[in-house]
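Step one of this worksheet: look at the structure below.
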Amino acid sequence: MTLRRVAQLLIVLFGLILAGFSGWWATRIWSPPYNTVGNFDGDRALQDVQYQISLGPRTSGSTAHDRIVEWMQAELKAAGWQVKIQEATLMGHSIQNVVARRSAQPPRIILAADRGPDPGRRSEPAPGANDGASGVAVLLELARTLPEDSIPVWLVFLDAEDNGELPGWHSSRRHH
């Protein structure tokens, strides 16, 4: 093998090593930060829905409601969130909103579980699978997967938000 041929092979080999290193470095720089924590697990979220509906209706003041609030707090705390319960009385009913945050900083984003899409049925009690349970499951899974060093996010689990047009929740008063 000639010296020229050896030099060409070394240049090609060095180029391949450089290209591989550049590709590796580019993926480290431009990888989304959420990949370091984990991806949203739809199966785990579905298990959360199934657990919630296994308790039956979780209306304010019921045993199932108390159990779900305790469970949400435990899940959020296990994922590293600070949890606060906002208690109030509305239309003679005791309600508890669950607010989760990672720091004392004001939120830049607030994510909340919301009412169902059928305005004609909003005065009826919600069975809680598609509306209540799915919203809670999505927020809990986000709590598990959002990185701790993300921008300040609050996760808010609204109690009694679909209990028959409570004052302040009428759709015409909302700003989208």
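The values are calculated or read from the model by the stated rules, or taken from the named source; none is laboratory data. Remember, it's a predicted structure, so these values are computed and weren't measured experimentally. So basically every Cβ, Gly included, is an ideal-geometry build from the backbone, and we count neighbours across all protein chains shown.
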task = Tell me which residues, restricted to segment 80-105, are touching a residue at least 60 places away in the same chain (Cβ under 8 Å) and either crowded, with 19+ Cβ neighbours inside 10 Å or over 18 Å from the mean Cα position of the chain (by Cα) (or both).
result = Trp81, Leu90, Met91, His93, Ile95, Gln96, Val98
task = Identify the residue in segment 58-101 that is part of a helix (DSSP H, G or I) and hydrophobic (A, V, I, L, M, F, W, C) and, among all such residues, is modelled with the lowest pLDDT.
result = Ala64
Residues satisfying the stated conditions in segment 37-60, i.e. in contact (Cβ under 8 Å) with a residue 40 or more places away in the chain and more than 13 Å from Leu140 (Cβ to Cβ) = Val37, Gly38, Asn39, Ile53, Pro57, Arg58, Thr59, Ser60
